[in-house]
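Inspection log for the structure reproduced underneath, given as structure tokens.
The values are calculated or read from the model by the stated rules, or taken from the named source; none is laboratory data. In this text, all values refer to a predicted model and were calculated from it rather than measured experimentally. With ideal geometry, Cβ positions are generated from the backbone for all residues, glycine too; neighbour counts draw on all protein chains shown. Side chains included, ligands, DNA and RNA excluded: accessible areas come from the protein's heavy atoms. Shrake-Rupley method; radii C 1.70, N 1.55, O 1.52, S 1.80 Å.
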Amino acid sequence: MLYLEDVDIKGRTVLVREDFNVPLHDGRITDENRIVSALPTLKYILEQGAALVVCSHLGKPKKGPEPGLSLAPVAKRLGELLGREVPLAPDCVGPEVESMVGDLQAGDVLLLENLRFHAAETGKTPDARGDFGRRLGGLADVFVNDAFAVCHRENASVVDAPGAAKTCSCGMLLKKEWEYLGEALREPARPFVAVTGGAKVSSKLGVLTGLLGKVDHIIVGGAMANTFAVAQGFEVGRSMVEDDLVDAAADIIDQARAKGTTLHLPLDVVWGKSTSDAQAGGSGAWGDMPQDAMALDIGPETVKLFVSVIEQARTVVWNGPMGLFENPAFADGSEKVCRAVAGLDSDALTIVGGGDSVAMVGAFDLADEFGFISTGGGSFLEFLEGKELPGFRALKECASQ
Ligand code: ADP
Ligand code: MG
């Protein structure tokens, strides 16, 4: 895989796949973080004297173009941030777009319209995707993928476009993901602790299994821990449980023992009658919880245990809050665990990823204290699982052509 710095782009046309899937409210961008994060790659390309074409998806358009999911607000904001005009093409492929790209001079920027206005972008078969992806990649001399959040998807702009450009490379944002996550997995300083939580075991099963034997400790909190509690034989009242995954949870408990990873499960929990309760109903061991309540946070004994494990860590990867942190009544466990990770000294590598987890770190105002904040959700999980992501595979194949 080539890095952007390895490629001579002066005087060439460079197409960058970014992740500009920003949240919009009434046509306004409510969080511009994804645009800001892309600036180093985009500015570098312009400074090298290339013509810049940028593409992205936005939301989930169902059938063709939807005005509410146009990238127009992004074009406007990107222009302000780059200090130059960023016109929006009416589409992302086709004769009109080709002619607009052909007219670009070094230092010019063009944003293509939402990739997902074409169903072929997310086409389920290579045939459905390939032609669209090749037309997209064929627009430029150099294709750059900088969108980690979609690297686990077999989308046209991720897997088909790279091979259609003459050269392709990984952008600066993607390189950072590759290096930080790669370092954590390839040569982790130990103890290596994985902190897992969030809503569902089903979305994290692969990661849990993939990390067994690789990490020294796995901490399990959040609603996910409830399914493990059932596997341990506890009554969990009305807590969120995935009944069909109780056996899988039991299997992970057994495998952890066999593979030398210590699994840490909640000793006590904080409960409530409803997720919107203004105050927690109480806390204690599983057996103390009334059967009409549900576990919504880890308890104080568990916080102590998890914090003591984290304090020894030299590498931490985290996905999934410890409780329903959006409600302050159930945020304590997540906050204390977050402070423990944030408090590690700077030679410990600390990484957090996942949409809600990153929001959580932001909500506690601790983002600056983490070593690395991944831009991926599903891609972050699949990388940790040990899978080769299609986006990286495409860049490697393209580099060895
Ligand atoms: P991420 O987006 O970081 O991958 P998830 O989507 O898996 O994380 O999970 C985050 C959600 O899980 C949060 O919205 C949080 O409120 C919820 N959650 C965590 N613990 C519990 C719990 N005990 N009961 C209900 N919901 C929970
Ligand atoms: Mg989530």
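Figures for the structure shown
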| quantity | calculated |
| --- | --- |
| Percentage relative contact order, the chain, counting C-alpha pairs under 8 Å, at least six apart | 16 |
| Loop-located GluC sites (Glu not before Pro) in the range 48-119, at most 16 other Cβ atoms within 10 Å (DSSP) | 85 |
| Subset of 10/63; 43/396; 204/304; 60/214 violating a 29 Å alpha-carbon distance limit | 10/63; 60/214 |
| Separation of alpha-carbon centers, the range 292-306 and the range 256-271, rounded to whole Å | 13 |
| Reference-scaled alpha-carbon Rg (2.2 N^0.38 Å with N residues) for the range 282-374 | 1.11 |
| Once the Cα gyration tensor of the range 143-286 is diagonalised, semi-axes √(5λ) in Å | 37, 19, 15 |
| Accessible area of the range 238-310 belonging to carbon and sulfur atoms, whole % at 1.4 Å probe | 52 |
| Listed residues 267, 185, 42, most fluctuating in the chain (Gaussian network, C-alpha, under 10 Å) | 267 |
| Solvent-accessible surface (1.4 angstrom probe) belonging to residue 314, in square angstrom, nearest 10 | 60 |
| Solvent-accessible surface ranking, highest first, for 200, 396, 10 at 1.4 angstrom | 10, 200, 396 |
| Selection from 267, 310, 324 lying farthest towards where the dipole of the range 263-397 points positive, charges on Cβ | 310 |
| Sites residue 307 and residue 99, calculated FRET efficiency, Cβ-Cβ separation with R0 45 Å, nearest 0.05 | 0.15 |
| Rule-of-thumb Rg ratio for the chain [Cα; 2.2 N^0.38 Å; N residues] | 1.06 |
| Whole-percent pair-distance distribution, where bins are 5 Å wide, for the alpha carbons of the range 111-195 | 3, 15, 19, 20, 16, 9, 7, 6, 4, 1 |
| Area accessible to solvent at residue 174, 1.4 Å probe radius, in Å² | 0 |
| Choice from 169, 308, 239 with maximal GNM fluctuation in the chain (Cα, 10 Å cutoff) | 308 |
| Pairwise FRET efficiency - residue 43 versus residue 258, Cβ, R0 = 45 Å, nearest 0.05 | 0.35 |
| Heavy-atom accessible surface of the range 348-401: percent carbon and sulfur, 1.4 Å | 44 |
| 14, 36, 246, reordered so the largest accessible area comes first (probe 1.4 Å) | 36, 246, 14 |
